[in-house]
Amino acid sequence: MKKTYIIPGFLTIAALCCLFACKRDMELKNKPGYPAGTALIKFIDVAPNLGSVLNNNADTFNILINGQKVTGFTPGTLSAMVFGATYPFAGTGNGYASVPAGNVEIKLVKGFNTLDSVVLATLHATLEADKYYSLIITDSINSPRDSSKIFVNDAFIPLTPGYFGLRFVNAALNDTGNVDIWSTRNNRTIFSGAKPGSISAFTSQFYTSILSDTLFVRRSGTLIGLDTLVTVNFANNRSYTIVYKGNALTNKTSDPKRRHLINYLNQ
């Protein structure tokens, strides 16, 4: 069995913040080092109905890569994946799991080791060496299409000083229409017409150390506000993903799985 390396890279104070933290990330001076010839992968759970989708009473699970459990073994990670969790690090953590390039088997399991685990879902992927990937786990995790899961190559764009990278994922799959993302700092729409299940490419955004941002998700073509992400601080020369996630069938503020906007740090 091939060994799976879990190498978190450089930790910063911000790397251990929670998902809604307002502290600024430090500028990325050097990219984290990973073993040459491996592939890098990140997991984000945005599936509000995963328990029922996988015929599991609870929607918590662990991740096996090539038969080896990876969740819970790295400082700063959760003992198991839950709705809203990010692996390798919880919240806005920076880091990817380093795995052998080539054909990789990914299993979502209920249990704590390979002996008592119940397999909930099995995925196979071909990962290229030295490339970054994200598996954004949705209610369509069992779909044969990578675009429904959502499994994507994190094709970062070259950034010049004074800019940061940003992309948008609309993971509210049972929503009824497209959405826009409005930036207060820029006083304009920065992503428009995003349909449920879509993921944009990374875009280059102007950085300023003076102003934070407030992001609004709106119904496309109207000013109807669906959710707000307040006091967002993006750092110079770093890359982020913002995600609209949750169950579009409920708007109760007390429901943690309602539609809402989050962000996390890629690198």
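Net charge near LEU173: determine it from the other residues with C-beta under 12 Å of the C-beta of LEU173, scoring Lys and Arg +1 and Asp and Glu -1.
Charge balance near LEU173 sits at +2.
Count charges around ALA194 for me, please; just the other residues with Cβ under 15 Å from its Cβ, Lys/Arg as +1, Asp/Glu as -1.
Value of the local net charge: +3.
Normalised by the residues of segment 156-267, what does the relative contact order come to in percent, with Cα pairs under 8 Å and at least six apart?
Once divided by the residue count of segment 156-267, the mean separation gives 31 percent.
For segment 220-267 and segment 101-164, what is the separation of their C-alpha centers, rounded to whole Å?
21 Å
What are the equivalent ellipsoid semi-axes of segment 157-246, built from the alpha-carbon gyration tensor (square roots of five times its eigenvalues), in whole angstrom, biggest first?
Calculated on Cα positions only, the semi-axes equal 23, 14, 10 Å.
Would you mind counting up the charge near GLN205? Only other residues with Cβ under 12 Å from its Cβ, with Lys and Arg at +1 and Asp and Glu at -1.
With Lys, Arg at +1 and Asp, Glu at -1, the neighbours total +3.
Which of the listed residues, PRO161, ILE224, ASN174, is farthest toward the dipole's positive end in segment 156-267, when Lys, Arg count +1 and Asp, Glu count -1 at the beta-carbon?
So the residue furthest toward the plus end is ASN174.
Every number in this text was worked out from the coordinates using simple rules, so none of it is lab data. Source: prediction; values computed, not measured. Cβ sites come from the backbone with ideal geometry, for glycine too, and all protein chains shown count toward neighbours.
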